[in-house]
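Each reported figure results from applying straightforward, stated rules to the coordinates on display, with no laboratory input. As the structure is a computational prediction, the values presented were derived from the model and not from experiment. Please note: Cβ atoms are built from the backbone with ideal geometry, for glycine as well, and neighbour counts cover all protein chains shown.
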Amino acid sequence: MNKIKTLVAASVFLFAGNAYALNFNLSPNNLPSQATFEALSDDLAAATWMNPSNSAEAHSAGLIPVGVQAAIEITGLSVDSNAAHWQAMNISGLSSTLPLPRVRLSAGIPFGLDFSYMILQMPNSNVKMSGYEGRMAFGSFIPLPFIEANFRVYQSSLTGVTDYEIKNQGFGAMIGADLPFVKPYIEIGQVKSTSTPSGNLALVFNEYSKTQTTTALGAKLQLALFVLNLETSKVGDKKLSTVKVGFEF
């Protein structure tokens, strides 16, 4: 509960656009070694990861064979603000939770196919993130009532920072319970993150890739058209928490 309170409070400042300015200025002056470059890249790769943030049943599983969800979600990445790479970035107001407000649109069509698009643009920030995914539900092949499952593939990226880009490519398999109001789920997968320096950064830093296991545990509360998701997840050893509010029909 304290984690959620911290996340919501920090996000209020983010949307206000005044108290929290997340600008990255990567250079050999503030990242003096390949090790600090890679440590920062590990955190930013987790921040860029497109977490599932959806329960296991297909959006098209309702009364009609299509479905749409529009939602705002706030993901908080746990960081060590005293770590050398964050101290070097000298970001004002950085705490142990880096809040990331996102907008996510999802649509489902017949045969259990879902597609999602996510975008993040922070106020007063040069950080831009986007991602898209495809999911295929196959709960109808499981001979157990109320059990759903799906498999997804996705790609997400961080841009906007001068001479620096991160791309994530991954997949995940999910299983969950399709109950009337609360829909718990668990997902496990893998993501490959590639941090690419260019321009002046490429003169000092090498491209850095890392493949990690991802896990997510969450639940969706659904009441009529209103949906609320709570989720905790990990990319390697990086921890994230997500709150999502939206509408689904």
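Quick rundown of the values:
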read-out: Estimated vicinal HN-Hα couplings, Hz - the stretch 227-238 in sequence order (Karplus 6.51, -1.76, 1.60; Gly, Pro = x); value: 10, 9, 10, 10, 8, 10, 8, 9, 10, x, 9, 8
read-out: At R0 = 35 Å, FRET efficiency that the Cβ-Cβ distance of TYR117 and GLN87 yields, to 0.05; value: 0.50
read-out: Under the Karplus curve 6.51 cos²θ - 1.76 cosθ + 1.60, θ = phi - 60°, whole-Hz ³J(HN,Hα) for the stretch 167-179, x wherever Gly or Pro sits; value: 10, 10, 10, x, 8, x, 10, 10, 9, x, 9, 9, 8
read-out: Per-pair calculated FRET efficiency, R0 = 22 Å: LEU230 and SER96 via Cβ, rounded to 0.05; value: 0.70
read-out: Relative contact order (%) - the stretch 98-224, alpha-carbon pairs under 8 angstrom, separation at least six; value: 16
read-out: Out-of-range pairs (alpha-carbon distance over 22 Å; input LYS192/LYS244; LYS210/LYS234; LYS183/LYS234); value: LYS192/LYS244
read-out: Tail fraction, Cα-Cα pairs, the chain, threshold 34 Å, whole percent; value: 18
read-out: Cβ-based charge dipole, the stretch 2-248, positive-most Cα from ALA219, SER60, LEU201; value: ALA219
read-out: Percentage relative contact order, the chain, counting C-alpha pairs under 8 Å, at least six apart; value: 21
read-out: Projected label distance in nm at VAL103 and ALA173, using a 7 Å step from Cα toward the beta-carbon; value: 3.6
read-out: Difference of contour (0.36 nm per residue) and Cα-Cα distance, ASN206 to SER27; value: 63.1 nm
read-out: Net charge dipole size for the stretch 2-248 [Lys, Arg +1 and Asp, Glu -1 on Cβ; Debye, nearest 20]; value: 260
read-out: Separation of the PHE249 and VAL153 label points, Cα + 7 Å toward Cβ, nm; value: 3.3
